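Take a look at the structure below.
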Amino acid sequence: MGLDLQQWKLIMTRYQIAIEELKSDLNIIDMDWKIRLGYSPIEHLKVRVKSIESIQKKLQKKSLDETVDNITTKLHDIAGARIVTNFEGDVYLILQHLQHRDDYRIMKVKDYIQKPKPSGYRSVHVLAEIEVVLHERVVWIPVEIQIRTLSMDFWAATEHKLQYKYQNGSIPQQAIDALKQTALVATQLDSEMSVIRQQIVSHEQNKEA
Ligand code: 0O2
């Protein structure tokens, strides 16, 4: 037997609050970076709370019963944010920022940039608990924050669409190989953009000296 409507409401509200808090925190640091440094590593930000349907699908995939305990302790990506940057170095600036906040507890960092997934997927995933101050108590709510460059984001979003198209069958090996190849092209694009940025920064510094 699954959860009743009231139990779902309580759970979903909890994650909705966490996502509001996270969105607000990230918008504040984006503004602060822009004002103090004239540049923010955040290119754009997307947040979402998984739908009840996709929570149920994930429970099934993990062979877990639909219980409050399983949902709140075994699923860590119900509330999620995706922070997209222009440059690979900016991914790590944001990671460092998150690691130094007192109102975030970092539970796990998965660095799929240093070690891409077999599919070619690259991104840094941060599993964190964020502090939310409620009327009479303080709670810590888990969120998954994915940080990646525009080029990693383009690859992941397009690959995800192609996987979805083939969800009733298997993707031909030729397409899997071709996708891995495009992931390498995306990696190349990221490193070339970083080199160009470095050239521009050095040029400006030489002018000032
Ligand atoms: P959605 O719709 O994006 O949320 P988990 O699946 O989280 O229980 P795991 O394997 O530890 O367990 O998580 P992982 O692989 O660190 O992160 C899963 C999420 O990363 C996925 O979420 C995707 O968003 C993204 N991801 C991981 N691998 C790939 C990939 O090969 N291609 C693309 N496009 N995205 C990937 P969901 O829940 O699958 O989907």
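The values are calculated or read from the model by the stated rules, or taken from the named source; none is laboratory data. From a predicted model like this one, the values you see are computed outputs, not experimental measurements. Quick reminder, even Gly has a Cβ in these numbers, built from the backbone with ideal geometry, and neighbours come from all protein chains shown. Keep in mind that these areas ignore ligands, DNA and RNA; they rest on the heavy atoms of the full protein, side chains included. Shrake-Rupley method; radii C 1.70, N 1.55, O 1.52, S 1.80 Å.
Computed values, structure above
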item: Debye log10 I(q)/I(0) for the stretch 37-101, one point scatterer per Cα, at q = 0.30 Å⁻¹; result: -1.28
item: Dimensionless Rg/Rh of the stretch 143-182 - Kirkwood Rh, Rg from C-alpha atoms; result: 1.05
item: Amide proton proximity set for Met107, modelled H, under 5 Å, gap of 5+; result: Leu127, Ala128, Glu129
item: Alpha carbon Rg of the chain, scaled by the compact-globule rule 2.2 N^0.38 Å; result: 1.17
item: Cα centroid separation - the stretch 140-209 against the stretch 1-62, whole Å; result: 22
item: The chain, helix-only ellipticity at 222 nm - DSSP H runs n ≥ 4, -39,500 (n - 2.57), divided by all residues, nearest 500; result: -19000 deg cm²/dmol
item: Radius of gyration and maximum dimension Dmax of the stretch 157-208, Cα, Å; result: 18.3, 59
item: Cα radius of gyration and Dmax for the stretch 91-201 (Å); result: 17.7, 57
item: Peptide ranges 65-71, 195-201, 40-46 listed from the most packed, as the mean C-beta count within 10 angstrom indicates; result: 40-46, 65-71, 195-201
item: Other-chain or far-sequence residues with amide H under 5 Å of Ile113's (modelled H); result: Ser123
item: Per-residue HN-Hα couplings for the stretch 110-127 [Karplus 6.51, -1.76, 1.60; θ = phi - 60°; Hz; x = Gly/Pro]; result: 10, 9, 8, 8, 5, 9, x, 5, x, 5, x, 4, 10, 3, 10, 10, 10, 9
item: Contact order relative to length of the stretch 62-209, as percent, for alpha carbon pairs under 8 angstrom and 6 or more apart; result: 25
item: Of Lys46/Lys207; Lys50/Lys117; Lys23/Lys57; Lys34/Lys61; Lys9/Lys34, pairs whose Cα-Cα distance is over 32 Å; result: Lys46/Lys207; Lys34/Lys61; Lys9/Lys34
item: Surface share of carbon and sulfur [accessible, 1.4 angstrom probe, percent] for the stretch 90-209; result: 56
